[in-house]
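The values are calculated or read from the model by the stated rules, or taken from the named source; none is laboratory data. Because the structure is predicted, anything quoted here is derived from the model rather than measured. All Cβ positions, glycine included, derive from the backbone under ideal geometry; neighbour counts span all protein chains shown. Just the protein is used for accessible areas: all its heavy atoms, side chains included, with ligands, DNA and RNA removed. Shrake-Rupley method; radii C 1.70, N 1.55, O 1.52, S 1.80 Å.
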Amino acid sequence: MATQSEAGAISAGTRRTTQMLLNQIFGPLLQILYFVIGSAVILGTIVIVLAFLLQGTRSDINLLQGTLIILPQVIVDSLVRGFLYAMIALGYTMVYGVLEFINFAHGEIFMVGAFVVAGFGLMLNSAGLLRDFPGILFVIIAVLLGAAVSGILAVSVERVAYRPLRNSPKLVLLISTIGMSLVLQDLVRIIATSTPLGFNARVLTPDLGSAIRLATLPNPGGRDINVIIDARSMIFIVASIVMLIFLNYLVNVTRVGKAMRAVAQDRPTASLMGINVNNIIALTFLVGGALGGAAGVLFGIRVQAINPYVGFLPGLKAFTAAVLGGIGNITGAMVGGIVLGFLEAFVASYLSLFTAGAFAGANYADIAAFSILIIILIFKPEGLLGEATVQKV
Amino acid sequence: MSLLELQNVHTYYGNIHALKGVSITVNEGEIVTLIGSNGAGKSTTLRTISGLLRPRLGEVLFKGQRIDRMPPHEIVQLGIAQAPEGRRIFPRLTVLENLELGAYIHNANSPEYRRDLERVFDLFPRLRERYTQKGGTLSGGEQQMLAIGRALMTRPNVILLDEPSMGLAPVLVEQIFDIVREINAQGTTVLLVEQNAHMALAIAHRAYVLQTGKIVLEDTAEAVAKNETVQKAYLGLD
């Protein structure tokens, strides 16, 4: 047996260091940063080369110059889309991690978040408080409110529609999630149309500040290019990063986070450790739903006009992002969201520019997203960061 | 005094009648082994005790309290730990995280927790060397050590070991059995399920022989080892 002092020294060696903690929290974010830079550089290079090659085909505009002028704006747009998909994709991937099914109602959980901020804005407005409400405070309250409502809603949906079916075939569960998706859409539609919100709800916000100029690029032979980011996009990006840090802390550092990972890897064995599996599954829905709801709030603030069906397409694309990153992998979902956001924004912005408007790019962004889904499913079904499913026995 | 008792337990997998009236008694401080061939119901017995399976008939008593209707996470808290068949360590968590999960029901800042961790690292020095490594990257023997260590971290009164020798090289098997004996000497009651009847009977105090869901023999380990039928069927002696 080791003496008391020896034992102390040894256990100190096996305790977590601050360094380890920082790695666990910021490691995934660093990976996101790599993918942001990587996507920006690769896609940026491709469009510049394309512009250079196609230069001769156009006489009306200077293609190369046009490409360069919109490039910074496209990257900002990519980031907003990327973080949007990343935050929604987390809900899909976390639920898949613990229960191995796709919760198709998650897009609606996101949509509910957007309606929460619309309702909040409307209430403040009718109380006459909206105009003078501090912008940052409005965003923080709305995000917390949306996260709470959507999180609780996701937990309730699990309790009512998924838990009773947990031992049924996965297909039955899948159908239940699609059913819940339709139920939530129409529930929100009924509520919205019978209140002053209306079917096409406007998201009223206080003044959130004007656009921020990030840099001015010199442009020989023309006026200088201002790289600007509008305040709502800025809020979106900053808030997303804050929430991703929180999530990484929760999952990688805390005791419940460890329990969540254990339940995801092996449910029966996790219960042998004294983990209440049902509670952890509920917690997974709570966290995934809260992130989705927060994303919905930020989305509502940014687009300012919503309806009960706005969750469908972002939900489906976020699912694509989750598959792209490797379904079940939390960092993968964030990275997948970023990559998908970049691809979509670049297609949306440059396709019409390069084809002289023959293809209205924005409409083809969806095609780009889902083509990617099909290509991954064929060539790399485990995704960018997914583990191959083979395991040592 | 009997610590753990199964009385006429019947467990089913769907419609398959896996345990047909199993009665087992484990006394405090003992090593009891349950031997039998593949599919006899050995693992089913352990899974019924730990709550992963619910018996349709019969009772499971721990310290005189009925536990057969309790969920697994509550049974662990009473002091029953299981190192499951096939080790079932968490492959994408580190060795330390696996052990921390073993202590999930305890306060991780307490001196008891650190004492438990030291005890496991003393029993399995290999785990100390590899505590930052992911569980899935360990060798089979190391995974088994981790599974036992993780079960010990729950601070159990009785530990249920399901085929700890499975798939291990003979030298490792001996090492594992030595450690089981040491764990018992330190005061933990052991219920050991084994196909390697020879080794199991060598370290156990008492033994039960399970055949197609029924106990066909129970006696001291020595007597069971001398039983002619057992020698033929499980020990490969003629």
The number of residues in segment B:25-40 that are touching a Ser or Thr at 6+ places or on another chain (Cβ under 7 Å) and either closer than 22 Å to A:THR269 by Cβ or in contact (Cβ under 8 Å) with a residue 60 or more places away in the chain (or both) is 7
What residue, among those in segment B:89-99 that are at the interface with another protein chain (Cβ under 7 Å from one of its Cβ atoms) and in contact with a Gly (Cβ under 9 Å, 6 or more places away or on another chain), is surrounded by the most Cβ atoms within 10 Å (Cβ to Cβ)? B:PHE90
Boolean, B:THR212 is modelled with pLDDT under 90, open to solvent by 20 Å² or more (accessible area, probe 1.4 Å) and out of contact with any helix residue (DSSP H, G or I) (no Cβ under 9 Å at 6 or more places or on another chain): no
Test result for B:LEU160, within 13 Å of chain A (Cβ to nearest Cβ) and within 18 Å of B:GLU85 (Cα to Cα): yes
Facing chain A (nearest Cβ under 10 Å), under 22 Å from A:GLY257 (Cα atoms) and in contact (Cβ under 8 Å) with a residue 12 or more places away in the chain: which single residue out of B:GLY86, B:GLY102 fits that description? B:GLY102
Out of segment A:56-84, which residues are in a helix (DSSP H, G or I) and surrounded by fewer than 14 Cβ atoms within 10 Å (Cβ to Cβ)? A:GLY56, A:THR57
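Scanning for something assigned to a strand (DSSP E or B) and under 30 Å from B:PHE121 (Cβ atoms), does segment B:218-234 turn up at least one residue?
No, the conditions are met nowhere in segment B:218-234.
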For segment A:235-246, the count of residues that are touching a helix residue (DSSP H, G or I) at 6+ places or on another chain (Cβ under 8 Å) and either within 14 Å of chain B (Cβ to nearest Cβ) or over 14 Å from A:ILE32 (Cα atoms) (or both) equals 3
Would you please name the residue that is farthest from the other protein chains (Cβ to nearest Cβ), looking only at residues in segment A:268-286 that are open to solvent by 20 Å² or more (accessible area, probe 1.4 Å) and within 23 Å of A:GLN24 (Cα to Cα)? A:LEU286
Hey, any hits in segment B:105-112 for a residue that's open to solvent by less than 10 Å² (accessible area, probe 1.4 Å), within 10 Å of chain A (Cβ to nearest Cβ) and either over 21 Å from B:PHE62 (Cβ atoms) or out of contact with any Leu (no Cβ under 8 Å at 6 or more places or on another chain) (or both)? no
Scanning segment A:258-267 for residues that are of a type in the set (A, V, I, L, M, F, W, C) and more than 9 Å from every other protein chain (Cβ to nearest Cβ), which turns out nearest to B:GLY79 (Cα to Cα)? A:VAL263
Does any residue in segment A:35-49 that is buried (at least 18 other Cβ atoms within 10 Å of the Cβ) and in a helix (DSSP H, G or I) come within less than 7 Å, Cβ to Cβ, of a residue that is among the hydroxyl-bearing types (Ser, Thr, Tyr) and at pLDDT below 95 six or more places away or on a different chain, and which pairs are these? A:VAL47/A:THR67; A:VAL47/A:TYR350
Filter the helices (runs of 4 or more DSSP H) completely within segment A:279-393 down to those with at least 2 residues that are of a type in the set (Gly, Ala, Ser) and more than 18 Å from the chain's Cα centre (by Cα). A:330-354, A:361-379
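Yes/no matrix, rows are residues, columns are (1) at pLDDT below 80; (2) more than 14 Å from every other protein chain (Cβ to nearest Cβ):
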{"site": "A:GLY326", "(1), (2)": "no, no"}
{"site": "A:LEU340", "(1), (2)": "no, yes"}
{"site": "A:ALA348", "(1), (2)": "no, yes"}
{"site": "A:PHE370", "(1), (2)": "no, yes"}
{"site": "A:GLY383", "(1), (2)": "no, yes"}
{"site": "A:GLY386", "(1), (2)": "yes, no"}
{"site": "A:VAL390", "(1), (2)": "yes, no"}
From B:LEU4, B:LEU19, B:LEU61, B:LEU78, which residue is modelled with pLDDT of 95 or more, open to solvent by 10 Å² or more (accessible area, probe 1.4 Å) and more than 14 Å from chain A (Cβ to nearest Cβ)? B:LEU61
